[in-house]
1. Return the distance in nm (one decimal) between the two label points of a simple spin-label model at Tyr76 and Thr334, each offset 7 Å from Cα along Cα→Cβ.
2. Modelling each spin label as a point 7 Å along the Cα-to-Cβ direction, I'd like the His315/Met299 distance in nm, to one decimal.
3. For the range 314-374 and the range 112-155, compute the distance between their C-alpha centroids and round to whole Å.
4. Students often check this: by mean Cβ neighbours within 10 Å, which of 116-125, 388-397, 50-59 ranks highest, and how do the rest follow?
5. Take the solvent-accessible surface of the protein heavy atoms, probe 1.4 Å, and return the percent of it on the range 143-200 that carbon and sulfur atoms account for.
6. Under the rule a/c < 1.5 gives rounded, and otherwise a/b versus b/c splits prolate from oblate, where does the range 124-207 land using the Cα gyration tensor?
7. Give me the extension gain from Val150 to Asp395: residue separation times 0.36 nm, minus the current Cα-Cα distance, reported in nm with one decimal.
Amino acid sequence: MNLIRRSLLHIAGWAAKAAVGTDLTLTDSKGWAFMGTGPTWARINVGDTTQLQITTAWSAIRLIAETVGTLPLHLYRKTSRGRERATDDERYALVRYQPCDYMTAPEWKESMVVSLATMGQAYNPVTRFESTGRIISIQPVHKSRVLPEVQSDGSVMYWLTDRRGQRRLVARNDVMPVRGFGGVGELEGYAPHRIHSNSLALSMAMEKYAAEFFGSGGRPSGILKTTADFGEKSRDQIREGFAKYLQASRELGHLPVLDGSTEYQPISTTNDEAQFIQARKLQIAEVARIYRVPLHMLMETDKASYNNTEQANKHFLDYTLLSYLTRIEASLNTCLLTPAERAAGMYFEFDVNGLLRGDSTQRADYYMKLRQAGAITQNEIRERENMDTVDGADDLHVPLNMAPSDLLGEILTRNKTGAT
């Protein structure tokens, strides 16, 4: 079966190469038609990298990826007193600081999210010591280097291609896949540029139109009218000559002049009549919907309605980031931890407290309520505010008027009698 698959891939690659007359890569737009992604209605192809040329898509993907990249990721273990960070575990340092030699933790998390947002899937091959199974590195790879395959027993294995082009079959725990939003039975998530290719292509077409319009000096398309009779060859010569003349006039800043028997008649719709600006704004909202990012976070503030930063960030966290965070956490928990470790209470989790920080007034009110409820110590507040801890500030306190009624009666009686 593997031999047949390799043969079919080889034939498909040969056919694509023969059709366009050059070598193709997975990100080459010339080969998309052979991979199930034909021309869009706007006649512009959109791929996993070319979608980033759309400013709205670039801003949305970068916002999601960089935000997730800045969120601390910790390994926790449950204890008799709650939970604690498992800083003594080597996996803690990998996900918190540096998963591999050439990449820091923020860069690694960003790369995962970019892959999820553009291709619907992320892969992170895990390197372990053969003798002990200890994890020594986690290296993200491009989606094209991993191919999932259902085995005869129903299990899923992954063909991993290394940098030298050698392929080997590995288990799920060794590639740590993170699947984006996808359909039932799909081994990989949906790529936005494949599902919404026409919508993304429309944005690119509008930008291309605007660039060509202003690049031509704001001259609308039109035709030349003349009373002279000429044949097909003469017509082609006149057209080419006029195009060169108009180009030279625009570059030199000269006014083009036509002879007495020739007239230029514009035939394209004006930008005002085509509502170009309104269409551009609508397309910003269209792309924002694809990546599910609030418009005000894409610098489109016409309809911003949030009263404060905390409320806006919580909306962004709940409806945009949470799906990415949960998927990454689930993959880490199932691939980097054993069933016994998970049963014992170990788990990976993002710390989103920094994202939900309000202004100073909101934070002061929040801390005061927690402090009065006996849910937080002074030193815990100082740590959250990036302040040094002090001695004697680790005790929990509650107001006396919130004590149990029987205990409060005992205290009042003791005060009246003067008993100690």
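1. The answer from the label model is 2.1 nm.
2. 2.0 nm
3. Answer, in whole Å: 25.
4. Result, highest mean Cβ count within 10 Å first: 116-125, 50-59, 388-397.
5. Roughly 50 percent of what the probe reaches on the range 143-200 is carbon or sulfur.
6. Prolate.
7. Details: separation 245, 0.36 × 245 = 88.20 nm, distance 5.58 nm.
So the extension gain works out to 82.6 nm.
The values are calculated or read from the model by the stated rules, or taken from the named source; none is laboratory data. It should be emphasised that the depicted structure is a prediction, and the values quoted were computed from it without experimental measurement. Backbone-built Cβ (ideal geometry, glycine too); neighbour counts: all protein chains shown. Surface areas here come from the heavy atoms of the whole protein model, side chains and all, with no ligands, DNA or RNA. Shrake-Rupley method; radii C 1.70, N 1.55, O 1.52, S 1.80 Å.
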